[in-house]
Amino acid sequence: MTILVTGGGGFIGSHLVRALLASGESVTILDSFDPQVHGKKVRPPKAPRLRTVVGDVRNRRLLAAEVRRADAVVHLAAAVGVGQSQYQIHHYVDVNVTGTATLLDILANEPNRVGRLVVAGSMSSYGEGPYDCRRCGRVRPGARSSADMRRGRWEPTCPMCAGKLTALPTHESDRFLSTSIYAVTKMAQEELVLNYGTAYGVPSTALRFFNVYGPGQSLSNPYTGVAAIFMSRFKNGRRPVIYEDGLQSRDFVSVHDVVQAIRLALRKRAPGSFNVGTGTATSILSIAERLGRCYGAEVTPQAVRKFRSGDIRHCFADISAIRKSLSYRPKVALEDGLRELVEWAGSADARDSFEQAQRELARRGLV
């Protein structure tokens, strides 16, 4: 089988491509190799049964030529970053939505043999996760108010009785309450792909990645995952900055388990949307502290008690659906995964641009 992986030169894509090649598949990478992610010196990968095409998914002619060669498509190409999306609005919508629309328009209107389609969704589209209220039951509180944030009231309250809440795992049936431009575009990518799959009878799967971390994640991109940002700060002898009080929680999933999920989606006919996580909530502060201990850092993380526009408080995955339909089982324990990240980061380039990125957000009133 020949598999086209858009964004195949990126963090998740590069791990996926290596796994596919190791299992005997033929792979084509289509990637723009954006300098923000890859740096200025790009070295496209080379290997037997691998074609690497440097180009943009919005380039219809280029993309169509690669689609004609493919039996399946894994669509990972996207502009990534919640904060940056709040002011580079046209760019994020253009890359993520127009790029996906271009792919689907080719599949719908030009000769091809693509029989399987997988798209990278995102937990960010959910917005705030679900909660349990002792009085009202399961609720979705939505975005927190700026007034509460300014007062340091970080935890959401029940939208019906204003009572205290306990975070619950997020299920695929929970509706999207997106709080950033990036989240909206990821929602659109997913909906477009699933609509195409239903209309044309092509098995199409949207995998909603939670907080992915692991070796190979850019340590010089201030809009990448929080674990990589923290690692870059430690490497440069600087304190990781944590918004709010650090007790906000996420579901941190190893890139190896994400690759497992994508490969299962390619093999099994299970159309629809699935969470890809571990089912366990971990606080942001805990991630920073564990990374620091593992790295032997001399600095400690700093919770600045400030609020960033578009941020949510708690969201972690219910993975029962993907367990049942795709036989997915997360295999990498958090401690092992963080240790792997630290070991890899020891020899990786880490240009710390975090403060520059935060100044830009502050200048625009987004922090």
ask   = At a Förster distance of 41 Å, what's the computed FRET efficiency of residue 173 paired with residue 65, Cβ-Cβ distance as r, to 0.05?
value = 0.60
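Compactness ratio of the chain: Cα Rg over 2.2 N^0.38 Å, N = residue count? Working shown, then result.
On the way: Rg = 20.0 Å, N = 367, 2.2 N^0.38 = 20.7 Å.
That ratio works out to 0.96.
Here are some pairs, 235/306; 41/306; 41/235; which of them have Cα atoms lying more than 27 Å apart in this structure? Don't jump to the answer; show the numbers that get you there.
Values: 235/306 24 Å; 41/306 36 Å; 41/235 21 Å.
Result: 41/306 exceed 27 Å.
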ask   = Taking the Cα centre of region 1-114 as the origin and placing charges on Cβ (Lys, Arg +1; Asp, Glu -1), which of 93, 42, 59 is farthest toward the positive end of the dipole?
value = 42
request  = Would you mind pulling out the separation of the Cα centroids of region 45-70 and region 149-188, in Å?
outcome  = 38 Å
remark   = Assertion target for 42, 95, 80, 226, ordered by fewest C-beta neighbours within 10 angstrom first, is 42, 226, 95, 80
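Take each complete run of DSSP H in the chain, measure how far its Cα atoms stretch along the helix's own axis, and keep only those covering 27 Å or more with mean Kyte-Doolittle hydropathy at least 0.0; list them. Walk me through the numbers on the way to the answer.
On the way: long enough: 181-200 (29 Å, 0.21).
Those that clear 27 Å and a mean of 0.0 are 181-200.
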ask   = Can you give the convex hull volume of the alpha carbon atoms of region 86-213 per residue, in Å³?
value = 140 Å³
Residue order, fewest to most surrounding Cβ atoms within 10 angstrom, among 102, 300 = 300, 102
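Nearest 20 debye, what's the magnitude of the dipole of the chain about its Cα centre given +1 on Lys and Arg Cβ and -1 on Asp and Glu Cβ? Don't skip to the answer; put the middle values down first.
Details: 50 positive and 33 negative charges, 16 e Å.
Computed about the Cα centre, the dipole is about 80 debye.
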request  = Tell me what the chain gives for mean residue ellipticity at 222 nm when only DSSP H runs of n ≥ 4 count, each as -39,500 (n - 2.57), the sum divided by the residue total, rounded to 500 deg cm²/dmol.
outcome  = -10500 deg cm²/dmol
inquiry  = For residue 324, give me every one of the lysines with a C-alpha distance below 30 angstrom, ignoring sequence neighbours fewer than eight places off in its own chain.
reply    = 186, 268
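Which order results if 223, 182, 328 are arranged by neighbouring Cβ count within 10 Å, fewest first? Write out the running numbers ahead of the final one.
Numbers: 223 20, 182 28, 328 23.
Fewest-to-most ranking of 223, 182, 328: 223, 328, 182.
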inquiry  = Residue by residue through region 31-38, what is 3J(HN,Hα) from phi via Karplus (6.51 cos²θ - 1.76 cosθ + 1.60, θ = phi - 60°)? Round to whole Hz and write x for glycine and proline.
reply    = 8, 7, 6, 3, x, 4, 9, 9
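Values in this text are rule-based calculations from the coordinates and carry no lab data. This is a predicted model, so every value here is computed, not measured. Glycine also receives a Cβ, built like all others from the backbone with ideal geometry; neighbour counts cover every protein chain displayed.
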